[in-house]
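Rule-based calculations on the coordinates, nothing more; no lab input. What you are looking at is a predicted structure, and each value in this text was computed from that prediction instead of being measured. Cβ coordinates were reconstructed from backbone atoms using ideal geometry, including for glycine residues, and neighbour counts include every protein chain displayed.
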Amino acid sequence: MKTLRYLIPLFGLYLLLGEPALAQGPDASCLGCHRAVAQGGISHRVHGLGADPQSGQAGVGCTDCHGASQAHLTNPGQPPDIRFARGQSDGEEKCLTCHTGEAISHWAFSEHSAAQVGCASCHAIHSAIDPVQERQSQFEVCTDCHQREKMAVMKFSHHPMADGQVQCTDCHAPHGGNSLSGLTGPTLNDTCYQCHAEKRGPFLFEHEPVQDDCSHCHLPHASVNDSLLKAREPFLCQQCHIASRHPGRLYDSNQLGGRDINIVGQSCTNCHSQVHGGNQPASSTFRR
Ligand code: HEC
Ligand code: HEC
Ligand code: HEC
Ligand code: HEC
Ligand code: HEC
Ligand code: HEC
Ligand code: HEC
Ligand code: HEC
Ligand code: HEC
Ligand code: HEC
């Protein structure tokens, strides 16, 4: 009876610290050694162990992700069943037992899945915030592997990606999509129209390559040329208009002796300024 009088307030304190909520189920055995992990960053996220419905947490247990880990329990020198690592797909099937929704529906056919870039390559689970889901820090996570895109922002013309003003996942669905390169729009053009709606038209006079595919003329990430262009003018236009009447003549420096600076080297768009299409009469040749 006497001992009980001491035990009751102790148990109250125990309740106050939320211990019972943490110590249920198979995960109790992990907490003996990994309490700090359970109370760390993950406790601020939906995967935290808190069973309190008010916390908004799903009550995902350590063993739901890391496996029952019997060998590790008896000898911590042995690794747990699943450790997860960047650039590996180990353990992915655990994530996919719960994550079957719309957001992940293209995963099985995605480039990342094919290259065994598993969930933990992008997602940090134990930190209080997940950098890949934050506009300011996503660039760092993706370009840790995609070095070419990291260098992109050093080029003369580039989408402002480094600070997340435009982020990778504005254009790429992170878990894959229907289109090539898993774009967020059903087509490349639709992806661009999300922000450049004024290029969509319809125009009275439409320039066929614009309606067809922006990437006839533009690179998506960056370019050493102006305006993300694939090539400098006039070469850009002459990829297709080599056979048209005046350009060949205008730009033949042999005929012009390379001296007439009003014509030679002049951008086609100095005159054809409405290259994306227009509604004026002169727009039939995209000049206004
Ligand atoms: C007897 C103490 C003990 C128990 C119980 C225990 N662990 Fe561990 N665990 C350790 C030690 C020690 C390490 C190695 C040091 C470290 O990385 O913290 C470790 C490491 C880990 C690692 C990192 C492994 C790595 O190499 O990256 C994971 C994941 C892990 N434990 C999960 C669990 C899970 C899940 C449980 C419950 C099923 C559990 N542990 C139970 C002591 C324990
Ligand atoms: C939603 C899945 C998930 C849950 C739940 C989870 N982990 Fe992890 N754990 C991971 C992943 C993924 C990593 C790899 C590093 C990272 O992404 O943060 C990891 C890494 C670890 C590590 C090694 C790195 C570190 O941060 O020290 C330990 C130890 C660990 N987990 C223990 C636990 C324990 C204990 C629990 C339960 C409180 C737990 N994990 C719950 C997915 C999970
Ligand atoms: C036992 C079920 C379960 C497992 C296993 C699980 N999750 Fe979750 N996860 C959830 C639930 C429930 C939510 C909240 C609802 C939602 O967003 O789908 C969630 C949310 C998330 C979120 C969005 C919220 C946040 O905090 O970032 C991400 C990202 C995520 N999980 C990734 C993972 C990854 C990666 C793994 C494997 C390492 C994993 N999950 C394993 C159940 C689980
Ligand atoms: C290439 C990096 C990358 C990989 C790999 C990845 N994710 Fe994600 N995930 C993201 C990003 C970025 C977001 C934030 C949503 C966005 O920006 O569209 C996200 C969001 C989520 C969400 C929240 C979705 C929502 O809309 O509520 C869940 C759940 C999730 N991921 C689970 C997973 C699982 C499970 C895997 C492995 C099968 C995985 N992710 C692999 C980058 C990735
Ligand atoms: C752990 C490394 C890693 C991380 C992190 C990563 N990727 Fe990837 N990504 C790859 C690999 C490997 C491929 C397979 C094709 C290749 O080798 O380029 C790939 C392919 C792609 C492709 C498809 C390329 C194609 O040819 O169709 C896109 C788009 C892409 N990643 C975007 C992203 C975005 C956006 C993020 C961040 C949200 C990201 N990646 C994070 C490694 C990574
Ligand atoms: C403005 C939209 C946009 C943004 C922002 C964007 N991409 Fe892309 N990305 C594209 C388009 C469009 C393609 C080419 C699609 C095609 O033609 O196959 C592409 C192609 C790719 C490819 C495959 C082609 C290659 O060059 O190997 C990778 C990998 C890639 N992007 C990664 C990234 C990463 C990482 C980020 C963020 C740093 C990013 N992208 C930001 C639109 C974008
Ligand atoms: C998430 C919004 C977003 C999407 C999607 C997007 N852009 Fe942009 N784009 C921007 C922003 C922001 C700028 C910078 C505008 C500025 O600096 O005034 C920009 C600038 C440009 C420029 C001018 C670059 C320069 O150096 O002047 C071109 C060309 C361009 N985008 C083409 C595209 C193409 C092609 C696509 C589709 C592959 C696309 N954009 C998708 C937001 C977007
Ligand atoms: C026939 C080649 C061509 C095609 C195709 C093309 N553009 Fe352009 N774009 C240009 C040229 C040339 C410039 C630079 C001269 C100028 O400012 O008009 C430019 C400039 C831009 C600019 C920056 C200046 C501005 O007008 O806002 C944006 C944004 C842009 N293009 C978006 C797009 C989008 C989105 C598509 C696809 C719907 C597209 N472009 C298709 C040739 C093209
Ligand atoms: C990918 C191929 C392609 C590129 C690159 C291209 N065009 Fe075109 N352009 C076309 C096609 C196709 C038509 C419509 C066919 C036609 O009427 O001859 C057209 C039509 C035109 C017309 C109207 C022709 C007419 O007879 O009404 C002008 C002017 C024009 N383009 C200028 C340019 C300029 C300036 C550039 C460079 C900024 C350019 N184009 C780049 C394919 C292209
Ligand atoms: C000095 C102004 C000027 C420059 C520079 C210029 N154009 Fe033109 N272009 C015109 C005018 C004016 C017309 C309309 C002629 C007509 O209506 O008969 C025209 C018509 C066209 C046409 C439609 C008729 C045809 O010849 O097929 C095409 C295509 C064309 N230009 C392409 C180009 C390309 C490509 C360049 C750059 C290599 C270029 N233009 C540079 C003024 C110019």
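If R0 is 25 Å, the Cβ-Cβ spacing of Glu93 and Val37 corresponds to a FRET efficiency of close to 0.65. Label-to-label distance, Glu208 versus Cys240, with points set 7 angstrom from Cα along the beta-carbon direction: 0.7 nm. As a calculated quantity, the FRET efficiency between Gln133 and Asn75 at R0 = 51 Å, using C-beta atoms, amounts to about 0.90.
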